[in-house]
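The values are calculated or read from the model by the stated rules, or taken from the named source; none is laboratory data. This structure is a prediction, so every number in the text was calculated from the model and none was measured. Positions of Cβ are backbone-derived with ideal geometry, glycine not excepted, and every protein chain shown enters the neighbour counts.
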Amino acid sequence: MNSDLNLQSIERKAQNTTFIDGLWDMYVGGVFLSMGLYSLLDNDVWAGVLMMLPLVFPFFGKKIFTSKRLGYANFGEKRIVQKRKAMLILSVSFILGIIASIFFFYTGTSNNPVVEFVQQHFYIVPAIVWGGVLALTGVVFKYNRFIIFGVFIAVAIILFQHYGYPLSASTRAAGGAIMTMGLIRFIGFLNKYPPLPVEEGV
Amino acid sequence: MGNKKQETDNTKPIDSFNRTIHEPARLLILAYLHAVESADFLFLMSQTGLTKGNLSSHLTRLETIGYVEISKEFVKKIPRTLLRLTETGRIEFRAYRDRIQQVLNTPQD
């Protein structure tokens, strides 16, 4: 039996069981990896399939691997509120991304040094928006790895662009790295939690 | 005689603890059920590290006194035992948590 009876840590641990298997890490990594690979594909259909592919990890992986090992828990109202906040962050950042693109791309030359700087280094916008979305999602779900991934993505985009590599190369590299970290976590999870018996007690 | 009275006075705050909840395994079970809306037997087993028999007996005890509600359902022909804290269980758990915090926060001489 676990000796840790810190109630706050138990609550946090229970909430974090959603992410314990690394499948959401693999999903996030997969999304960025497919964004990077998208530009390499000529066929739009296959590119579309590629973008949808990461969804396989959380949706099928949870059913096939996780539920047999961790069981089922419904987190109720708290989780619903967290999901709504995450959706709000995604929507707002999507809108802000579009507004920023329109503003900085189509305003033409400007005397404002900030606008001029962003126009010259436009990669800052996806770095802030994508990294920010991930980090804020991590804050909402109290899952620190997403915050680290957010910073990682932002730094990767800025560094790659600074050294003259395209945006797709940075998302490929960062996505691949995050996916590998998720995979290592997933393998660790499979080792730590063997499948539980189907027949139940009580 | 004086010592006995002093001992009684010292243990009085602890005596008021809910003994059913105070048992470590049951406290752990209730803490997990408090953190979720509902969970199945396997979830509690994987999280608490209790054996099937041990978990079953504690849950039966908690159900008997009305702290936990146990229901059975089938998900794709697989049986699932769903557990949730009753309103009484939730109130008693919070009261226990507040009481223990109160006792531990009492300033020492």
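Key figures
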{"quantity": "Segment B:25-40: number of residues that are in contact with a Ser or Thr (Cβ under 8 Å, 6 or more places away or on another chain) and either outside any helix (DSSP H, G or I) or more than 7 Å from chain A (Cβ to nearest Cβ) (or both)", "calculated": "3"}
{"quantity": "Matching residues in segment A:41-76 - criterion: being over 25 Å from B:Met45 (Cβ atoms) and more than 21 Å from the chain's Cα centre (by Cα)", "calculated": "A:Leu41, A:Asp42, A:Asn43, A:Asp44, A:Val45, A:Trp46"}
{"quantity": "Output for segment A:35-63, where each listed residue is among the aliphatic types (A, V, I, L, M), touching a residue at least 60 places away in the same chain (Cβ under 8 Å) and assigned to a helix (DSSP H, G or I)", "calculated": "A:Met35, A:Leu37"}
{"quantity": "Residue that is modelled with the lowest pLDDT, among those in segment B:15-62 that are small (Gly, Ala, Ser) and touching a helix residue (DSSP H, G or I) at 6+ places or on another chain (Cβ under 7 Å)", "calculated": "B:Ser16"}
{"quantity": "Residue within segment A:64-77 that is surrounded by 13 or more Cβ atoms within 10 Å (Cβ to Cβ), of a type outside the set (S, T, N, Q), without any contact (Cβ under 8 Å) to a residue 12 or more places away in the chain and assigned to a helix (DSSP H, G or I) present", "calculated": "yes"}
{"quantity": "Contacts under 9 angstrom Cβ, first residue in segment A:172-190 being under 13 Å from A:Phe65 (Cα atoms), partner of a type in the set (Ser, Thr, Tyr), 6 or more apart", "calculated": "A:Phe189/A:Thr66"}
{"quantity": "Flag if A:Ile147 is under 20 Å from A:Leu88 (Cα atoms) and surrounded by fewer than 21 Cβ atoms within 10 Å (Cβ to Cβ)", "calculated": "yes"}
{"quantity": "Matching option when the condition is in contact with a Pro (Cβ under 9 Å, 6 or more places away or on another chain) and not charged (D, E, K, R), among A:Gly29, A:Gly48, A:Gly22", "calculated": "A:Gly29"}
{"quantity": "Test: residue in segment B:79-90 that is of a type in the set (Asp, Glu) and surrounded by 12 or more Cβ atoms within 10 Å (Cβ to Cβ)", "calculated": "no"}
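Residues are listed down the side, and each one gets a yes or a no for (1) closer than 30 Å to B:Arg90 by Cα; (2) at pLDDT below 80; (3) in contact with a helix residue (DSSP H, G or I) (Cβ under 9 Å, 6 or more places away or on another chain):
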{"site": "A:Asp4", "(1), (2), (3)": "yes, yes, yes"}
{"site": "A:Ile10", "(1), (2), (3)": "yes, no, yes"}
{"site": "A:Leu53", "(1), (2), (3)": "no, no, yes"}
{"site": "A:Gly61", "(1), (2), (3)": "no, no, yes"}
{"site": "A:Phe65", "(1), (2), (3)": "no, no, yes"}
{"site": "A:Lys68", "(1), (2), (3)": "yes, no, yes"}
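For (1) at the interface with chain A (Cβ under 7 Å from one of its Cβ atoms); (2) outside any strand (DSSP E or B), each residue gets a yes or a no:
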| position | (1), (2) |
| --- | --- |
| B:Met45 | yes, yes |
| B:Asn54 | no, yes |
| B:Ser57 | no, yes |
| B:Glu63 | no, yes |
| B:Gly66 | no, yes |
| B:Ser71 | no, no |
| B:Arg84 | no, no |
